[in-house]
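The values are calculated or read from the model by the stated rules, or taken from the named source; none is laboratory data. This structure is a prediction, so every number in the text was calculated from the model and none was measured. Using ideal geometry, Cβ is built from the backbone for each residue, glycine included, and neighbour counts are taken over all protein chains shown.
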Amino acid sequence: MNSSKYNFSAIIQARMSSSRLPKKVLRKINEKPMLEYVIKQTLASKYIKNVIIATTLEKEDMEIVEYCKKNNLKYFRGSKNDLLDRYYKCAKKFKCNMIIRVTSDCPMIDPEIIDKVIKKFLDNSRDYVSNNIEKIKGVWENSTCNFPQGMTVEVSSLKVLEKAWKEAKKPSEREHVFPYIQFNPQLFNVSNLKMRKDFSNIRCTVDKMNDLRFIRSLYSKLENKDDVVKIKNIIQIIDKYPELVKINNKTKFDEGYKKSIELDKKSRFKK
């Protein structure tokens with residue numbers, strides 16, 4: 001696939017009203033906002049040239065808008081709960097014909113993984129590629145794909161996202177960006193990237209205060225705190241300080257999506 005025709009901008013979703021850890025995206029790690037680390041790690045990708053912060057129209061998210069203005073970052077404001085709508089309209093506004101999704105609660109997202117997912121999308125005529133779903137007994141399901149949690153990258157075309165935007169109805173399909181694409185294999189050609197060795201016990205995503213404590217602990221043990229972090233750096237620290245994983249390894253994987261599934265059961269759009 002010809003990569004020159006694509007706009008390599010990553011869309012990073014961010015809002016202040018996280019129910020489990022409010023204002024988490026601007027909470028500090030080594031005196032810098034967590035969002036700053038996400039942006040730095042993402043821009044270390046060989047492909048990505050720009051980041052766009054997709055936030056909401058809520059008053060409380062003006063703080064994110066001000067952060068973007070201060071740091072000369074592109075941003076978009078859209079629906080708080082309809083994340084699919086926010087992403088699609090953001091992509092349309094900034095002419096992103098390729099959708100590269102990264103979340104603001106993953107301050108150690110590995111740019112090499114971002115590049116591998118993008119490359120697989122470019123090299124294979126797929127509608128969607130990510131490292132957070134896996135085929136289990138012939139059915140696509142949410143999975144860490146053996147990566148440390150907090151390394152999720154998702155890539156699709158704008159055309160595919162537009163189809164989901166037009167057709168998705170259920171809460172789980174609107175509150176998240178890609179479930180309609182992931183779980184309708186009869187409509188879309190999807191693929192994944194999986195790590196050989198299982199490191200999914202390492203939780204590098206920030207949903208709760210103990211996650212933030214874990215991330216702060218990891219950063220405090222890096223030899224050079226200004227370097228871009230790779231998975232290999234994280235594993236080296238955990239090998240040396242294995243007790244660190246106990247800080248936050250009790251949180252169940254994919255809690256947020258499972259809550260949306262419960263809403264599906266109550267929804268008038270359920271199948």
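Here's the yes/no breakdown for (1) modelled with pLDDT of 95 or more; (2) closer than 26 Å to residue 169 by Cα; (3) aliphatic (A, V, I, L, M):
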residue: 47; (1), (2), (3): yes, no, no
residue: 59; (1), (2), (3): yes, no, no
residue: 76; (1), (2), (3): yes, yes, no
residue: 80; (1), (2), (3): yes, yes, no
residue: 86; (1), (2), (3): yes, yes, no
residue: 92; (1), (2), (3): yes, yes, no
residue: 100; (1), (2), (3): yes, yes, yes
residue: 104; (1), (2), (3): yes, yes, no
residue: 112; (1), (2), (3): yes, no, no
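Residue count for the range 3-27 satisfying the condition of being among the hydroxyl-bearing types (Ser, Thr, Tyr), in contact with a Leu (Cβ under 9 Å, 6 or more places away or on another chain) and either loosely packed, with under 15 Cβ neighbours inside 10 Å or not in a loop (DSSP other than H, G, I, E, B) (or both): 1.
It is to be established whether one or more residues within the range 199-208 are surrounded by 14 or more Cβ atoms within 10 Å (Cβ to Cβ), polar (S, T, N, Q), in contact with a helix residue (DSSP H, G or I) (Cβ under 7 Å, 6 or more places away or on another chain) and at pLDDT 90 or above. Taking every residue of the range 199-208 in turn, at least one turns out to be surrounded by 14 or more Cβ atoms within 10 Å (Cβ to Cβ), polar (S, T, N, Q), in contact with a helix residue (DSSP H, G or I) (Cβ under 7 Å, 6 or more places away or on another chain) and at pLDDT 90 or above. Only residues that are charged (D, E, K, R) and either touching a Leu at 6+ places or on another chain (Cβ under 7 Å) or within 24 Å of residue 218 (Cα to Cα) (or both) were counted in the range 102-136, giving 6.
Taken over the range 132-159, the residue count meeting the criterion of being surrounded by fewer than 22 Cβ atoms within 10 Å (Cβ to Cβ) and of a type in the set (A, V, I, L, M, F, W, C) is 5. Scanning the range 179-224 for residues that are assigned to a loop (DSSP other than H, G, I, E, B) and of a type in the set (Phe, Trp, Tyr) yields a count of 3.
Looking at 173, 162 in this structure, which one is more than 18 Å from the chain's Cα centre (by Cα) and part of a helix (DSSP H, G or I)? Among 173, 162, only 162 is more than 18 Å from the chain's Cα centre (by Cα) and part of a helix (DSSP H, G or I). Only residues that are buried (at least 20 other Cβ atoms within 10 Å of the Cβ) and over 24 Å from residue 233 (Cα atoms) were counted across the range 104-125, and they come to 1. For the range 162-178, residues that are surrounded by 17 or more Cβ atoms within 10 Å (Cβ to Cβ) and farther than 26 Å from residue 204 by Cβ total 8. Looking only at the range 179-190, residues that are surrounded by fewer than 17 Cβ atoms within 10 Å (Cβ to Cβ) and either touching a strand residue (DSSP E or B) at 6+ places or on another chain (Cβ under 7 Å) or at positive phi (or both) come to 1 in all. Considering the conditions (1) free of Cβ contacts under 8 Å to residues at least 60 places away in the same chain; (2) in contact with a Pro (Cβ under 9 Å, 6 or more places away or on another chain), residue 229 is excluded by exactly one of them, (1).
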